[in-house]
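The values are calculated or read from the model by the stated rules, or taken from the named source; none is laboratory data. Nothing here was measured: the structure is a model prediction, and the numbers come from that model. We place every Cβ from the backbone using ideal geometry, glycine too, and count neighbours over all the protein chains shown. What goes into the accessible areas is simple: the full protein's heavy atoms, side chains included, and nothing from ligands, DNA or RNA. Shrake-Rupley method; radii C 1.70, N 1.55, O 1.52, S 1.80 Å.
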Amino acid sequence: MMSSSAERAAAGPDVPDVTFWAERGGLLFQQARHAASMKQSVLAGLSGTSRTTLSAYEHGRKSPTLETAGRILDAAGFRLTLEPKIEFTERVADDGRRFHVPTRLPRLAPARALATVTLRGRTYDLAERAERGEAYAVLLGAGSPDEVLAHLDGVLLAELWPDLELPAAVRAAWLPLVAAARGSTAGNGVRAGVGARADDRDEGESR
């Protein structure tokens, strides 16, 4: 019997993966509700839906309309917003190890950006600058796309950049993103430049 992933592959790239997006949407609702410390019944009541329906959304059994999704997230204290998609390219370091570079520097909520994380069997406190630098060196040089998106904040990376110890190939691959972030915010910190495409960068670093 063909698996669901195999069925999706056989269907071709033009067929929307409805199940995948329903599951992603359900995870989003769960994350918003947990962050707001709400029970399903409370969030359902505030958003004008039933607990049974909200449960179906959270488990990917049903998909809400865009208006309903926005209403549920708003009731949990979040907004449905449009963000640029981050994609990754795979690169190869001089020693043959593969690493992944995003098209844009991700941003994280403060709680995630300063969390305690475990990478390659070691725990890092991202609230401590020295440990964050060590963790970011791991993420830049060996992190999977999911790990980069989950643990790396572009603003904090730009601030740490001069002090990071990285292989030459890794530094060269990430430099355009960091240079764009730092170069486009002269006199105004690094924040506004995060999210800029490497293709849109100024030549070189601003400092």
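Every residue in the stretch 147-200 that is of a type in the set (A, V, I, L, M, F, W, C), modelled with pLDDT under 75 and crowded, with 17+ Cβ neighbours inside 10 Å, please. So that I can check it myself, show each step before the final result.
Going through the stretch 147-200, the residues of a type in the set (A, V, I, L, M, F, W, C) turn out to be 148-150, 152, 155-158, 160-161, 164, 166, 168-170, 172-175, 177-181, 186, 190, 192, 194, 196, 198.
Right, trim to modelled with pLDDT under 75 and you get 186, 190, 192, 194, 196, 198.
If the condition is that a residue be of a type in the set (A, V, I, L, M, F, W, C), modelled with pLDDT under 75 and crowded, with 17+ Cβ neighbours inside 10 Å, then Val190, Val194, Ala196, Ala198 are the ones that fit.
Looking only at residues that are open to solvent by less than 80 Å² (accessible area, probe 1.4 Å) and in contact with an Asp or Glu (Cβ under 9 Å, 6 or more places away or on another chain) in the stretch 42-61, which one is nearest to Asp146 (Cα to Cα)? Break it down into steps so the answer makes sense when it comes.
Taking the stretch 42-61 first, the residues open to solvent by less than 80 Å² (accessible area, probe 1.4 Å) are 42-45, 47-50, 53-58, 60.
Going one step further and asking which of them are in contact with an Asp or Glu (Cβ under 9 Å, 6 or more places away or on another chain), we end up with 47, 60.
Numbers: Ser47: 31, Gly60: 21 Å.
Among those residues, the one meeting the criterion is Gly60.
List pairs: first in the stretch 55-70 and at positive phi, second open to solvent by 80 Å² or more (accessible area, probe 1.4 Å), Cβ under 6 Å, 6+ apart or cross-chain?
Gly60/Glu23
Consider Ser63 carefully, then state whether it is touching a helix residue (DSSP H, G or I) at 6+ places or on another chain (Cβ under 9 Å), at pLDDT below 95 and of a type in the set (S, T, N, Q). Even if it seems obvious, please write down each step before you answer.
Values: touching a helix residue (DSSP H, G or I) at 6+ places or on another chain (Cβ under 9 Å): yes; at pLDDT below 95: yes; of a type in the set (S, T, N, Q): yes.
Yes, satisfied.
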